[in-house]
1. I'm checking my understanding of the structure. Among residues of the stretch 336-359 that are of a type in the set (D, E, K, R) and under 20 Å from GLY169 (Cβ atoms), which one is surrounded by the most Cβ atoms within 10 Å (Cβ to Cβ)?
2. Can you name the residue in the stretch 89-109 that is surrounded by 24 or more Cβ atoms within 10 Å (Cβ to Cβ) and outside any helix (DSSP H, G or I) and is also modelled with the lowest pLDDT among such residues?
3. Among the residues of the stretch 139-150, what is the count of those that are surrounded by 14 or more Cβ atoms within 10 Å (Cβ to Cβ) and under 28 Å from the mean Cα position of the chain (by Cα)?
4. For THR61, only one of the following conditions fails: (1) of a type in the set (Ser, Thr, Tyr); (2) buried (at least 24 other Cβ atoms within 10 Å of the Cβ); (3) farther than 22 Å from GLN205 by Cβ. What is its number?
5. Being within 20 Å of the chain's Cα centre (by Cα) and not hydrophobic (A, V, I, L, M, F, W, C) is the filter; apply it to the stretch 310-335 and report the residue that is surrounded by the fewest Cβ atoms within 10 Å (Cβ to Cβ).
6. For the stretch 378-423, give me each residue that is surrounded by fewer than 15 Cβ atoms within 10 Å (Cβ to Cβ), in contact (Cβ under 8 Å) with a residue 60 or more places away in the chain and either among the charged types (D, E, K, R) or in a helix (DSSP H, G or I) (or both).
7. Quick one: which of LYS93, LYS131, LYS138, LYS120 is within 12 Å of PRO15 (Cα to Cα) and touching an Asp or Glu at 6+ places or on another chain (Cβ under 9 Å)?
8. Tally the residues that are buried (at least 16 other Cβ atoms within 10 Å of the Cβ) and out of contact with any Ser or Thr (no Cβ under 8 Å at 6 or more places or on another chain), restricting the search to the stretch 224-247.
Amino acid sequence: METPLTQHIQPGRGPLSLKEFENAGGFKGLHKALREMKPADVIFTVKGSNLMGRGGAGFPTGVKWGLVPQEAAGSGMKYLIANADEMEPGTFKDRYLLEGNPHQLIAGMIIAAYAIQAQKAYIFIRWAYKKAEAILRKAIAEAYEAGYLGENILGTGFNLDLYVHSSAGRYICGEESALINSLEGKRGIPRAKPPFPATSGLFGQPSVVNNVETLSWISHIIENGPQWFLDLSATGEGGTKLYGVSGRVKNPGLWELPMGTTVREIIEGYAGGMQDGYKLRGIIPGGASTDFLVESHLDIPMDYASVRSAGSRLGTGTMIILDDKTCPVKFVHNLIKFFADESCGWCTPCREGLPWAQKILESFEQGTAQPEDIGILEHLTRYMGPGNTFCAHAPGAMEPLQSGLKYFRDDFDRHINEKRCPWR
């Protein structure tokens, strides 16, 4: 089984240096792109690979690049931004790539910038990733010294400057337009769309925002071709995926596996199954803002289409496990508390609705919830659902709540009837 993204990462040994990355053939795709291909050829190749954004939304990467105008208005400046603001609870895949092989990301960013003809690029990194930030800054300095960044890269006439920007620390900045606002020094709140960043993004100029895992794929796809990428997956969606599992399993961790590996194989095979004395009750498949899956979903492939057909989202592909000795109501309450704390407060449904949901869920744990509170929670999942808020923050928060009410309704009722949390 091929593991292109992680094959050179060895936990405990430190990141690859530029020389080690070169010796492993890591810059072959970059040389090919800049010396043998036109920008439109690079975009065409990435489109043919069907590379879908690995940050959670799954939007086709090549299509996003193709939306950038060939000729920019005004100053003519274009920007590329790597979203390394990894703050989704239960998600830790990008940090693994940043700390293990930073030049893989840098090479991908140079190719992506060449494809859209961006002259400046930023890595917008989570404030808490101090180790990853230090590794990135060192790697970028190495790349400048070797002539992979700066002016006239590889003698091709292409220029690119790359900067690291440490996030102010708000979860909402993982949303691309809020990220752009923060990068401009403004309040980190989402922007109205349209216009989309591809036409009016950072400082009003055409911009592309891609996830770290997404950009780390680019040099591999250019070097080996789109069909090679498609053949790596177990489904038609292409490539491998970094899958993670946290919770009461025997071997929590992160693995690079073919896209479309089943939930069962990931949990029972790679994560070693549930710890002794615990049973599986539920799975949050792609970070905290995705709907629960349950035992009947174990055999679905972990790809975008299959997880969506099961009523959830692949998201980041990093599962959080709910076991039979953990209160589902408390589990959901903990997630809603996070989303309430992290709301930017821009729109009323999110600003007022999330603390309201949090307060009601707290009453369930305290034994003071009333039967009508179930109906209020169900109303809130619709009130804060898609199309009713300024961005996807509140709708994402509602996914574990609405699916929790669906699959664990008896547990909510027990809290009301027994006037206590049965797990205490």
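The values are calculated or read from the model by the stated rules, or taken from the named source; none is laboratory data. It should be emphasised that the depicted structure is a prediction, and the values quoted were computed from it without experimental measurement. Positions of Cβ are generated from backbone atoms using ideal geometry, with glycine treated the same way; all protein chains shown enter the neighbour counts.
1. This residue is GLU342.
2. This residue is THR91.
3. Number of matching residues: 6.
4. (3)
5. GLY311
6. Listed by number, the list holds a single entry, LYS406.
7. Criteria check complete, one pass: LYS131.
8. Total satisfying the criteria: 4.
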